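Shown next, in structure tokens, is the structure this report addresses.
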Amino acid sequence: MPSASTLHALSRFTYGWTPALGQEITKAGGFGRWFEAQLAAGADDSFTRSSAAWWTSVNASPAVLWRRHESEVETLWQADANYQRWVLARRIHSPLQVREVMTELWEHHFHVTSEGSGSALFRADYGNQIRAGSLGRFADLLHAAVTHPALGVYLDNAASTAKAPNENLGRELLELHTVGVGAYTEDDVKDSARILTGYRVDTWNTWKVSYDPASHAVGRVRVLGFTDANASSDGRATTRRYLDYLARHPRTAETVARKLATRFVADAPPAALVRRLAGVYLAHDTAIVPVLRALLASPEFTAARGTKVRTPSDDVVATYRALGVRIGRPRHEKSTANEILWQCGRLGSYPFAWPRPDGLPDQASAWATAPRFLASLDVHYLMCGAWWPNRDATYRTPASWLPVTAKRPSVRFDHLVDHLARTLTGRPASSKVQRVARQATGCRATERVSRTHPLVKWNMHRLLTVFLDSPTHMSR
């Protein structure tokens, strides 16, 4: 069994414990070595590569997606939905768990709402760019996101011109992506918008992406401590210098440090931890990995066990992993790989559907509600019985959960409960779990359970929900 500290780290840096994950860590020589291997791994893995082909829109060009939308083969809303499904499948099955967690964090930081609008044409490439840079330098990630057509279309920069600069992206760049509220003035916003002019998309026509020098607002600019002559009609070099400046600003360091500490430590992270992480970020020229190492080694991280609530999509993904459900290529609209999106909706949040540009909240106050809790119980119950969704997916049979052999065809009920606790949660069953398991099934602790026992034939789902409906599973 993994140690408590390893389980804590896995709960924050993966989408949930599985026995296979435990074997990976043992094979690596411990959590520390496994974590370093995750940080050093590239962005490519066989599941991500193969599952990208499950939905046509994930690999299609913007021109092809637009033709499919115009001909009513696949709407933009469906293209957005298919990207959401692919992301959920990756979170369940990709071996690059740390990269998937970091990709989700940055996709929320540079949030583009999935709403079936023009940004859907660029959604998959945007996600791929963020995933590729999720463990690199923030300066590079910032440049990739801010100059990408997905964010440009979503925050109106794609239509911004020298004559009429649109301030939407220039403002959110300062407020949400870098220095934060209170660090800038309205004049800073205006020059921020002028710097970003020129990145165009021929929206609602050809959707061609270009840099248009005629649209770039030339002339001296000043944003915070950044000044530039901005004399060239090709403003891309000025944009790069501007974004590099912002990425290395102390207020941006604090923003990034707080984002990471909120995700991995606490809803309201200690100010001292945020300051230390910001210092590491600046000392390593915006590199993310040294900040993660410092965060993992901090006493604040060690003291934060079990204090974060899983978001709706985290809960759904962790449930698939705990139950060992294997999703296959979707062959029907009712296939599990498609239906998983509706499961997240039942819990209150589709991936990337947050309607504002500030990204999905990562605090318990947003998700620890009675309706969400009841919806989670419903999803757990349906999956423990393998009732929904189940098309093009592989579930374990009820009998397969029993630790029995031909020579030992039955197991005591309390031993079975302990075995399931270790399998589903990575830890032994507490006395409370044993008591709830007996109440849920009506079994006695010493009762022998075999493959033909009524519990296995009719009620194994009741026993499995004991573990998934617990605080252990619904928090991280």
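The values are calculated or read from the model by the stated rules, or taken from the named source; none is laboratory data. Note that the structure is predicted; figures quoted are calculated from it, not measured. Positions of Cβ are backbone-derived with ideal geometry, glycine not excepted, and every protein chain shown enters the neighbour counts. Ligands, DNA and RNA are excluded from the accessible area calculation, which covers all protein heavy atoms including side chains. Shrake-Rupley method; radii C 1.70, N 1.55, O 1.52, S 1.80 Å.
Of note:
- Extended-chain gain in nm, criterion 0.36 nm per residue less alpha-carbon gap, Asn59 and Asp244: 63.6 nm
- Of the GluC sites (Glu not before Pro) found in the range 284-385, those that fall in a DSSP loop while having at most 14 other beta-carbon atoms within 10 Å are Glu333.
- Three-way shape label, the chain, alpha-carbon gyration tensor, a/c 1.5: prolate
- Global form of the range 216-333, assessed from the alpha-carbon gyration tensor, a/c cut-off 1.5: oblate
- Put simply, the amide H of Val309, placed in the peptide plane, has neighbours under 5 Å in Ala364, Arg476, leaving out anything fewer than 5 places away on its chain.
- In Hz, Karplus ³J(HN,Hα) per residue of the range 464-472 (6.51, -1.76, 1.60; θ = phi - 60°; x = Gly, Pro): 5, 5, 4, 7, 7, 7, 8, x, 4
- Cut-off 11 Å between beta-carbons: net charge of the residues surrounding Glu339, Lys and Arg +1, Asp and Glu -1: +2
- Taking the 1.4 Å solvent-accessible surface of the range 105-250 as the whole, the part contributed by carbon and sulfur is 49%.
- Förster-model FRET efficiency, 35 Å R0, Arg412 and His332, C-beta, rounded to 0.05: 0.25
- Other residues with beta-carbon under 11 Å from the beta-carbon of Ser160 carry, at +1 per Lys or Arg and -1 per Asp or Glu, a net charge of 0.
- Within the full protein context, the accessible area of Thr48 is estimated at about 10 Å² for a probe radius of 1.4 Å.
- Only Lys, Arg (+1) and Asp, Glu (-1) charged, at Cβ; the chain dipole about Cα centre in debye: 2180 debye
- Cα centroid separation - the range 172-246 against the range 148-164, whole Å: 10 Å
- Between the Cα long axis of helix 76-93 and the first principal axis of the chain there is an angle of about 50°, rounded to the nearest 10.
- Greater than 23 Å apart at Cα, pairs in Lys27/Lys259; Lys334/Lys457; Lys27/Lys308; Lys432/Lys457; Lys259/Lys308: Lys27/Lys259; Lys334/Lys457; Lys27/Lys308; Lys432/Lys457
- Rounded to the nearest 500, the helix-only mean residue ellipticity at 222 nm of the chain stands at -15500 deg cm²/dmol, with each DSSP H run of n ≥ 4 adding -39,500 (n - 2.57).
- The residues of the range 1-152 present an accessible area of 34 Å² per residue when probed at 1.4 Å with all protein chains retained.
- Peptides 424-437, 184-197 ordered by average Cβ neighbours within 10 Å, highest first: 184-197, 424-437
- Shown here for the range 317-348: trypsin sites (Lys or Arg not before Pro) in loop regions (DSSP other than H, G, I, E, B) with at most 16 other Cβ atoms within 10 Å, namely Arg331, Lys334.
- Peptide packing: for 105-117, 144-156, 201-213, 377-389, the average count of neighbouring Cβ atoms within 10 Å per residue gives the ranking 144-156, 105-117, 377-389, 201-213, highest mean first.
- Overall form of the range 282-428: oblate. Here a/c, set by the Cα gyration tensor axes a ≥ b ≥ c, is 1.5 or more, and a/b is not larger than b/c.
- Sites Trp342 and Arg49 - FRET efficiency at Förster radius 25 Å, r taken between beta-carbons, to 0.05: 0.45
- Separation between Cα centres of the range 284-329 and the range 1-21, rounded to whole Å: 9 Å
- Portion, in percent, of the accessible area of the range 334-409 that falls on carbon or sulfur, probe 1.4 Å: 60 percent
- Average accessible surface for the range 278-408: 44 Å² per residue, computed with a 1.4 Å probe over protein heavy atoms with every protein chain in place.
- Environment charge of Val274, counting only residues whose C-beta is closer than 9 Å and scoring Lys/Arg +1, Asp/Glu -1: +2
- Lys/Arg +1, Asp/Glu -1 at C-beta; the chain dipole; positive extreme among Pro19, Met460, Ala89: Met460
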